[in-house]
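Report on one structure; see the data block that follows.
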Amino acid sequence: MKHIGDIDPLVPGRPNLSSQERENLSKARLQQQKEDGYQQLVELCRLGEYDAARQLANRNSRWGYQIVGGEVMERID
């Protein structure tokens, strides 16, 4: 983040990203969501909240995890 004094008021908005840069940012965001989701699922299982973990995993199938026997596993489709 820039300091307010470093911002040039005559330069319009953010720079345009190339499609490759946008795709890389999207992949990085998805990977971060997947890692955060894994941590949430592990914490729920650690607390014994297996049903809540299973529901969260089912609602966020894009993470690619499932709850089996109280443990977080990679979803096999």
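The values are calculated or read from the model by the stated rules, or taken from the named source; none is laboratory data. These numbers come from a predicted model, not from an experiment. Don't worry about glycine lacking a Cβ; one is built from the backbone with ideal geometry, like all the others, and counts go over all protein chains shown. These accessible areas exclude ligands, DNA and RNA; they are computed on the full protein's heavy atoms, side chains included. Shrake-Rupley method; radii C 1.70, N 1.55, O 1.52, S 1.80 Å.
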All conditions in (1) among the charged types (D, E, K, R); (2) open to solvent by 80 Å² or more (accessible area, probe 1.4 Å); (3) touching a helix residue (DSSP H, G or I) at 6+ places or on another chain (Cβ under 8 Å) are true of Arg75 except (2)
Enumerate the pairs (first residue in segment 39-51 and part of a helix (DSSP H, G or I); second residue anywhere and surrounded by fewer than 18 Cβ atoms within 10 Å (Cβ to Cβ)) with beta-carbon separation below 6 Å, excluding pairs fewer than 6 apart on the same chain, so at least 6 apart or on different chains. Leu44/Ala52; Cys45/Gly70; Tyr50/Gly70
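Residue check: is Ser61 open to solvent by less than 90 Å² (accessible area, probe 1.4 Å), without any contact (Cβ under 8 Å) to a residue 12 or more places away in the chain and polar (S, T, N, Q)?
Details: open to solvent by less than 90 Å² (accessible area, probe 1.4 Å): yes; without any contact (Cβ under 8 Å) to a residue 12 or more places away in the chain: no; polar (S, T, N, Q): yes.
Here the answer is no, as Ser61 does not meet what is asked.
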Residue check for Arg22: farther than 30 Å from Ala53 by Cβ, part of a helix (DSSP H, G or I), out of contact with any helix residue (DSSP H, G or I) (no Cβ under 6 Å at 6 or more places or on another chain) and open to solvent by 100 Å² or more (accessible area, probe 1.4 Å): yes
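If you check Asn16 against the conditions, is it free of Cβ contacts under 8 Å to residues at least 12 places away in the same chain, surrounded by 11 or more Cβ atoms within 10 Å (Cβ to Cβ) and of a type outside the set (Lys, Arg)?
Values: free of Cβ contacts under 8 Å to residues at least 12 places away in the same chain: yes; surrounded by 11 or more Cβ atoms within 10 Å (Cβ to Cβ): no; of a type outside the set (Lys, Arg): yes.
Judged against the criteria, Asn16 is not a match.
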